[in-house]
Structure formats: C-alpha cells, structure tokens
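The structure appears below as structure tokens.
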Amino acid sequence: MEQRAYLTLANGKVFAGKRFGADGETVGEIVFTTAMTGYLETLTDPSYYGQIVVQTFPLIGNYGVIPSDFESSKPRLKAYVVREWCQDPSNFRCEGDLDTFLREKGIIGLWDLDTRELTKIIREYGVMNAKISSEPILPAELEELRSFRIIDAVESVSCGEVDITPGRDEKHRVVLWDFGAKDNIRRELQKRGCRVITVPALTPAAEIIDLHPDGIMLSNGPGDPAENVSAIREIAACCEAGIPMFGICLGHQLLALSQGAKTEKLKYGHRGANQPAKELATGRVYITSQNHGYAVKNETLPPSARLSFINANDGTCEGIEYNHQPAFSVQFHPEACGGPLDTRFLFDRFIALMEGAK
C-alpha cells in the first residue's frame, strides 16, 4: 500500500506526495537540478550533503542502478524528490532499481507531486529549508524549520585517510585535496598518467608539500566555502610554495578565498547538466555540468587574478586564472559524467601546467 507523505517548505507551502525509498522524516535545504540524465551521479555526488534534491526531469530511474557510475560510495543527500520513478528499469548494465537502492542507503524518497510548481517556487523565493514528514508540520513549527543549518559539511564527506591510486605510466604525482571529491576527477587524472594521492580536507599544507607533488587538485564539495577557514589557510600556504594548482567547484571557491576574494550565496544556485559558461579569452560558450549554491564575487578578485569564464545567463564567476602563480580554477565540472564533455580539455591544461613547472 502506498504511503502518503508531505513536503513542507519553510515559507509554509505544503506538497502532498507518495513515499519510496526509506521511511522516516528529514529536514534539509531544498534545491533542484535540471539534468535530464545522470541521476546516479546526482545521488552519489557528495556536494549535495544536507540537501533535499528535486529532479525537474519528470521520469527518473529508467536505467536502474549501476554502481560503476557512482561518484562516491554512498549518497550524502537528505532526500530525493521526483515526479515519477521507474519501477521496471531496463539497461544491460542495470544491477537494481532506484527504490531498493534508496531503502538500502537510508535515503527518503518522495514522488507523485508537482515538481514543476515546486521548482518555480524555489526559483521565485530562493533556496530554503524543507521537511518531509508523515503529516504537514504546524505553522508554529516553521520557525524551527527555518533555523536548520548545514554544518561540518566538508568534514562529513571528506576521506578519513590518505589513499594512493596509481595512474597510467605515472608521469605526474598529483595530490587530490578531498573536500568531497567526485570519483571521476580521480579517473580523469589517472587517464592522463597521474599517480593520485588523495588526502583529507584538514591535511596541513606542510604534509602536502612533503609529498613532493607535481600538482594539487582542489576538489568539489558541499556547504558554504567561507566556513572552511582552516582549509583556506592551508591552500594559501601551498600557493606560496608555487605548486601548480587546479580547483573545481568548491575547490575553485576555496582557492579564490585563499587569495583574498569573497564569495556569496546565490538565490537558487546552478545545478544541472546544461549550464552555459563563456570563456572570456575566446568568446566561446561551453555547455557545462554544475552543482553549486555559492559563487566568487567578481568585483572582489585581487589584482593578481582575472576572470576566465563567466556564466552566460547571469554573469557570475565561472573561472579564474592567477598571474603570479601556476594556478587556475573553474566553477563548473569538467570531469562530468552523465553530462557534457566539452571542457575536459582543462585537465590537459593542468597537465601542461605541471610539465611547464618542471
């Protein structure tokens, strides 16, 4: 028998739906993603830590569960909201269905509600907190819902210890600074002959420098970038050491903060596989995969840095190049799986940067 459940937004709006996945109640920050494919990558992206994710595409789960497509070992999101989920997936790589996967991982699912109206509300009012429960919450409980905050996000998703992954031919030695890294970042480095040494988010700069890396990859991750005071300080120390550096998403923001720039929270963020990023040097627009709720403020970049990409929709910062050190970063995901491959050349640019430094 299908169980009813309710999604209550912090502004008081209530949506009735049906449960799938795990039972229970949960509170999180509600966001939407416009990606039409790659739901497995979305579910296992650590950057969604603490969030209730809404898929705007109406049918999810049609190719089932494929573990080799995961971006991390398990989902980090609070709940998953879809218009409709496929109960009978069909794909030669399929190893299970979405409902069973969510139940096994303890992730609450909600379906059969108007995700289109829900997305329009988030776009109009901005990202807000929400609660999934068996009954709509009372108006008196809304203030408590509004007070929810995502805390210790990076520490909660970063690896617990150093891990070494060999690459093809091992031409380069790269430290992957794990703030919630997607696995495909590591795969893209391996393909290009990199021995990848993954280190936890709170690793001191001195320990990273002692590893004698040819380059440092600053990974994606969840939460407010400005809260990572320790990581920002250690990144600045690695910059002073002159080690080539490439930052993606949260790593891009942390690198900018380490050099004196500021970040801000966006109204509803950029999440999806069809976000346009314009390269200022060429005027070319790339279609990119993105997942972020914060951005570097363009006007706060130091004199030693310049904008390299902007979002073609709203002009926000999508990339930075640094003049006084071998470092660059992008807000979007060049390693995207389940998304466009247009910007994978940036990994080759990182390889060239390391070879030039040698």
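Every number here is computed from the coordinates shown, using simple stated rules; none is lab data. Just so you know, these numbers come straight off a predicted model, no measurement behind them. All Cβ positions, glycine included, derive from the backbone under ideal geometry; neighbour counts span all protein chains shown.
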Margin query: Taking θ = phi - 60°, what integer Hz values does the Karplus form 6.51 cos²θ - 1.76 cosθ + 1.60 yield along the range 341-358, in sequence order, with x for Gly and Pro?
Written below: 9, 4, 10, 5, 4, 5, 5, 5, 5, 5, 4, 4, 5, 5, 5, x, 5, 5
Notebook entry, point to check: Between rounded, prolate and oblate, where does the range 181-259 land on the alpha carbon gyration tensor, with a ≥ b ≥ c its root eigenvalues, rounded for a/c under 1.5, else prolate if a/b exceeds b/c?
Noted result: oblate
Check: What is the chain's relative contact order, in percent, from Cα pairs under 8 angstrom and six or more apart in sequence?
Finding: 15
Check: Once a ≥ b ≥ c are taken as the square roots of the eigenvalues of the Cα gyration tensor of the range 153-357, is the result rounded (a/c under 1.5), prolate (a/b larger than b/c) or oblate (a/b not larger than b/c)?
Finding: rounded
Next item on the list: Hey, can you grab everything whose amide H is under 5 Å from the amide H of Y294? Only 5+ residues off in sequence or another chain; H modelled, so Pro and N-termini drop out.
Entry: L266
Next item on the list: Would you mind putting 86-96, 174-184, 294-304 in packing order, based on average other-beta-carbon counts within 10 Å, highest first?
Entry: 174-184, 294-304, 86-96
Notebook entry, point to check: Among the lysines, which fall within straight-line cross-link reach of K267, defined as a Cα-Cα distance under 25 Å, with same-chain neighbours fewer than 8 residues apart omitted?
Noted result: K13, K78, K120, K131, K182, K278, K297
Checklist line | Packing rank of 12-19, 286-293, where each peptide gets the mean count of other beta carbons within 10 Å, highest leading | finding: 286-293, 12-19
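Arrange the following residues from fewest to most other Cβ atoms within 10 Å of their Cβ: H252, H172, H270.
So the residues, fewest neighbours to most, are H172, H270, H252.
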Checklist line | the range 153-357, relative contact order in percent, only Cα pairs under 8 angstrom and at least six apart counted | finding: 18
Next item on the list: Pick out, in residue order, every one of the GluC sites (Glu not before Pro) in the range 135-234 that is DSSP loop and has at most 14 other C-beta atoms within 10 Å; say none if there are none.
Entry: E161, E170
Notebook entry, point to check: Which value at 222 nm does the chain reach when only helices count, each DSSP H run of 4 or more adding -39,500 (n - 2.57), with the total divided by all residues and rounded to the nearest 500 deg cm²/dmol?
Noted result: -6500 deg cm²/dmol
Item checked: Selection of trypsin sites (Lys or Arg not before Pro), the range 115-174, meeting DSSP coil and at most 12 other Cβ within 10 Å -> R149, R168
Notebook entry, point to check: How much of the DSSP beta bridge set in the chain is antiparallel, as a percent to the nearest 5?
Noted result: 60
Next item on the list: Under 1.5 on a/c is rounded, so check that first for the range 260-357, then, if it is not, pick prolate when a/b is larger than b/c and oblate when it is not; a ≥ b ≥ c are the square roots of the alpha carbon gyration tensor eigenvalues.
Entry: oblate
Item checked: Percent RCO, i.e. relative contact order, over the range 4-146, from Cα pairs under 8 Å lying at least 6 residues apart -> 37
